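The values are calculated or read from the model by the stated rules, or taken from the named source; none is laboratory data. Fair warning: this is a prediction, and the values are worked out from it, not measured in the lab. Every residue, glycine among them, receives a Cβ derived from its backbone with ideal geometry; neighbour counts consider all protein chains shown. To get the accessible areas, we keep the full protein, side chains included, count just its heavy atoms, and leave off ligands, DNA and RNA. Shrake-Rupley method; radii C 1.70, N 1.55, O 1.52, S 1.80 Å.
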Amino acid sequence: MRIHALTTGTARLKHAFLHAKTGPRRQLDLFLPGPWSEPLPIHCWAIEHDGRLVLVDTGETATARDIPFCRFDVTREHELPRALEKVGLALADVDTVVLTHLHGDHVDGAVHVREPVLVHKAELAFAHSLRSRFFQRVLRQPMPTGVEYQTFVLDGGPFGAFAASRPLTDDGRIVAVATPGHTPGHISVVCVDDDGRHVLLAGDATDTLEQLHARRPDAIAPKPAVSIETMDAILAHGRSHPTVFLPSHDPESVARLESRITL
Ligand SMILES: [Zn+2]
């Protein structure tokens, strides 16, 4: 198995997002002036395994609009086709695409994908909810058009410390696991590498490893307590299996992948 980190540009997040307060200020501060982070990567992942090429997330596109708490730097050159070429892969070789969740920086690149895109059923329902459609509209973050979704449910039982899962390959070495919080239907993908370590492609379960250890939800999780439960599951999983934790926007994710640094 080979796991490649792809980078589809960068985003700067408001400090109020990464270091969210509790209570009413948690979301209010997102819309007030405040300091910004350095540019953070927008990663997605390509997994070569058993003659297959599996993509986890599709990254952002140059059409992304800034929002009050996130500023994008994404050009056409950063988008999925070129990001794959940079690691010696081609879009035409991709046979499975699965999304961690349906925010633009994870799904917008799906405009480049011809085959159906796998998405957790609960996540698609959330993206189509009134609440989500309201925010998509006021923040001018429409869902990409022309993408064919194929929903799945997590009916494979628990996987380690994760309450629900579904294998994505016959050999069970690539597995979707429930990591709700950032969005209600958010999933992560566990890849069991050739040495038996669990490489956890964690989407936005947290933005950084620091946030995981601090058990600090971000500013937009609908129910912060659900985020904390997920962080506790990830930490518990890391105690029972060597686990490499790779959130999509952590500047340290690539180094942890390359050196297989575990929790
Ligand atoms: Zn994201």
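Quick notes
- Residue within the range 25-46 that is among the β-branched types (Val, Ile, Thr) and in contact with an Asp or Glu (Cβ under 8 Å, 6 or more places away or on another chain) present: yes
- Just one of the listed residues (Ala202, Ala233) is open to solvent by 10 Å² or more (accessible area, probe 1.4 Å) and in contact with a strand residue (DSSP E or B) (Cβ under 7 Å, 6 or more places away or on another chain), namely Ala233.
- Subset tally (residues that are more than 15 Å from the ligand (Cβ to nearest atom) and either of a type in the set (D, E, K, R) or touching a Lys or Arg at 6+ places or on another chain (Cβ under 8 Å) (or both)) for the range 99-145: 7
- Residues being within 16 Å of the ligand (Cβ to nearest atom), assigned to a helix (DSSP H, G or I) and either within 22 Å of Ala46 (Cβ to Cβ) or touching an Asp or Glu at 6+ places or on another chain (Cβ under 6 Å) (or both) are entirely absent from the range 225-233.
- Val138 vs. criteria free of Cβ contacts under 8 Å to residues at least 40 places away in the same chain and open to solvent by less than 30 Å² (accessible area, probe 1.4 Å): no
- Residue in the range 88-98 that is open to solvent by less than 40 Å² (accessible area, probe 1.4 Å), within 16 Å of the ligand (Cβ to nearest atom), among the β-branched types (Val, Ile, Thr) and out of contact with any Leu (no Cβ under 6 Å at 6 or more places or on another chain) present: no
- When residues in the range 141-194 are screened for being open to solvent by 30 Å² or more (accessible area, probe 1.4 Å), in contact with a helix residue (DSSP H, G or I) (Cβ under 9 Å, 6 or more places away or on another chain) and either free of Cβ contacts under 8 Å to residues at least 24 places away in the same chain or at positive phi (or both), 3 of them pass.
- Leading residue by the ranking (farthest from Leu124 (Cα to Cα)) among those in the range 69-87 that are aliphatic (A, V, I, L, M) and away from the ligand (no atom under 16 Å from the Cβ): Val87
- Among the residues of the range 6-29, the ones that are surrounded by fewer than 20 Cβ atoms within 10 Å (Cβ to Cβ) and not polar (S, T, N, Q) come to 10 in all.
- Leu200 meets the conditions (1) outside any strand (DSSP E or B); (2) closer than 20 Å to Asp57 by Cα in every case but one. The failed one is (1).
- When the range 236-263 is filtered for residues that are of a type in the set (Ser, Thr, Tyr), part of a helix (DSSP H, G or I) and crowded, with 20+ Cβ neighbours inside 10 Å, only Ser253 remains.
- Among residues of the range 73-123, those that are under 18 Å from Leu168 (Cα atoms) and part of a helix (DSSP H, G or I), counted: 4
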